[in-house]
Amino acid sequence: MDLELLSRIQFAFTVGFHYLFPPLSIGLGLFLVISEGWYLKTKDELYHRMTRFWVKIFGLIFALGVATGIVMEFQFGTNWATYSRYVGDVFGSALAAEGIFAFFLESGFLAILLFGWDKVKPTTHFFATIMVCFGAHFSAIWIVVANSWQQTPTGHHIVGIGDSARAEIVDFWQVVFNPSFLDRISHVYMGCWQAGAFFILSVSAFYLLKKKYRAFAVGSMKIAIVIALVASILQLVSGHSSAVTIADTQPAKLAAFEGHYPANAPAGLYLLGWVDEDTETTTGIEVPGLLSFLVHGDSEEPVTGLQAFDEADRPPVNIVFQTYHLMVGIGFALIALALVSAFFWWRDKLAEQRWLLWILVFSVLLPQLANQLGWFSAEVGRQPWIVYGLLRTSEGLSKSVSTTDVWISLILFGFIYLLLFVLFIYLLNEKIQHGPEEPEMTEGQLT
């Protein structure tokens, strides 16, 4: 295995593991604001219990997110030194903003959120909850700014040549509001809201199946179902908008998403299929002209295909095709699951649908899988560019790192992350099994 592929695998592994946690903390943050706000409005102790319980879960997830995120940033300097030098002026601004304005805001109010229940006024505690939620969302903005700039770089010029070349900011706001940023941040937020909402639905469904904490579980599901339904539908909207933007800014990626090879021809949309990259053909279930219609509003309008690009400038097509379609399929499944759950909740019969509760218990995996597949599609679909159209991935490697170095660090990371994940699951299970601390409330107290 060559150094480039091995370094990419290592970075994908560390980023993928880290990205299990931020979506949950962002999604849970939104839930906490709604739950605690409703408690202050109604004075219903049920929502106070709900908030206190989910805050403990939030604290555990936040800690794992911080621990795994630090490693990710160090790899820029160790494995990708040329890339770091090239994008340092751009990424430095975004990552510094994330650390100074977002992370410190979030972590600064975290102590009040976790430990300030009986030490500050309820309104002060609620303000801390809002700030933690805002900080988590604000942190995502700067990370997505940095990543989106890699996809659609603007607001810069290149100084130096060869290995000493680097991108230098000439317009900070063009860097921030690069062509793909708004679509990508909305898509990320909806994925985070889905992850948090279906996590809460999973735990709540587990309680209902075990006939424990019924009022607590039903109250949590009320809020989570609304978030899940809104986020799942808006995710479809943001996904469509993102695809339209990709058609203009990264046409090779969109062509790989749908296995579209003809250089300039109308394109159908595949429900599922398989791409043979040797023969440059795609077989599967296709709706003719649908991709052209979704992108251009005309089923006969040509879509740029992979044959318009040199083979050296094409991403790995079948891998991107499969991950993209799996992500889309999961997205529609989450919409359906949210709609069915909302239907039974509206009829006040959700707690009696054991078949649905079992599905909801395992539904926690779906948003996480969709988030991972979405990032995989976006990043592999960008290949062979590490900065689209400017710097190839093969050119961004560190010159002094060997394959042996990467193998050793990858094995060590794998071992440490396995221990962290086992510890996380153990602690999470302990908190879920313990349940809310306060005595169980009767169903009649649920409002």
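Bear in mind that the values in this text are calculations on the coordinates, not laboratory data. Every value quoted in this text rests on a predicted model; they were computed, and no experiment measured them. Here Cβ is always computed from backbone atoms with ideal geometry, including for glycine, and neighbour counts include all displayed protein chains.
Between residue 74 and residue 339, the C-beta separation translates, for a Förster distance of 30 Å, into a calculated FRET efficiency of about 0.10.
Helix screen, the chain: DSSP H segments with Cα axial length of 15 Å or more and mean Kyte-Doolittle hydropathy at least -1.0 are 3-18, 22-42, 45-78, 81-97, 104-115, 122-151, 181-209, 214-249, 317-346, 365-381, 403-434. Here the calculated FRET efficiency for residue 296 and residue 233, from their Cβ-Cβ distance with R0 = 25 Å, stands at 0.60, rounded to the nearest 0.05.
About its Cα centre, the dipole of the stretch 225-358 is roughly 920 debye, where the only charges are +1 on Lys and Arg Cβ and -1 on Asp and Glu Cβ. Between residue 354 and residue 170, the modelled label-to-label distance comes to 6.8 nm, taking each label 7 Å out from Cα in the direction of the beta carbon. Taking the DSSP beta bridges in the chain as the whole, what percent of them are antiparallel, to the nearest 5? Close to 100 percent. Inter-label distance, residue 309 to residue 399: 2.9 nm, where each label sits 7 Å from its Cα along the C-beta direction. Annotation: amide H-H contacts under 5 Å for residue 265 (H modelled 1.01 Å from N, sequence separation of 5 or more, or interchain): 303, 305.
When you filter the trypsin sites (Lys or Arg not before Pro) in the stretch 368-422 for DSSP loop state and at most 14 other Cβ atoms inside 10 Å of their Cβ, you are left with 399. Residue 127 to residue 430: FRET efficiency via 1/(1 + (r/R0)^6), r the Cβ-Cβ distance, R0 51 Å, to the nearest 0.05? FRET efficiency, residue 127 to residue 430: 0.95. What's the local net charge at residue 125, with K and R +1, D and E -1, over the other residues with C-beta under 9 Å away? Computed value for this residue: +1. For residue 431, a cut-off of 17 angstrom between C-alpha atoms picks up these aspartates and glutamates, skipping any fewer than 8 places away in its own chain: 440. Of the Cα atoms belonging to the stretch 310-447, the radius of gyration and Dmax stand at 22.6, 68 Å. Spin-label model, residue 283/residue 212: points 7 Å from Cα along the beta carbon direction are separated by 5.1 nm.
In plain terms, the bigger the Kirkwood radius, the slower the diffusion; for the stretch 102-210, with that radius from Cα pairs, at 37 °C and 0.692 mPa s, Stokes-Einstein puts D at 193 µm²/s. For the set 211/349; 56/349; 119/210; 56/222, the pairs lying more than 26 angstrom apart at their alpha carbons are 56/349; 119/210. Solvent-free Debye calculation, one equal scatterer per alpha-carbon of the chain: log10 I(q)/I(0) at 0.06, 0.08 Å⁻¹ equals -0.28, -0.50.
Stretching residue 369 away from residue 66 to a fully extended chain increases their span by 107.0 nm, per 0.36 nm per residue minus the current alpha-carbon distance. Amide hydrogen proximity for residue 385: with H placed 1.01 Å from N in the peptide plane, the residues at 5 or more positions away or on another chain lying under 5 Å are 393.
Net charge dipole, the chain: roughly 1940 debye, given to the nearest 20, about the Cα centre with Cβ charges of +1 for Lys and Arg and -1 for Asp and Glu.
For residue 244, project a label point 7 Å along Cα to C-beta. Then give me every residue of the stretch 294-337 with its amide nitrogen under 18 Å of that point. From the stretch 294-337, the list is 294-304. When the trypsin sites (Lys or Arg not before Pro) in the stretch 274-381 are filtered for DSSP coil states and for at most 13 other beta-carbon atoms within 10 Å of their beta-carbon, the remaining sites are 347, 349. For residue 271, the residues whose modelled amide H falls within less than 5 Å of its own, excluding neighbours fewer than 5 places apart on the same chain, are 285, 286, 287.
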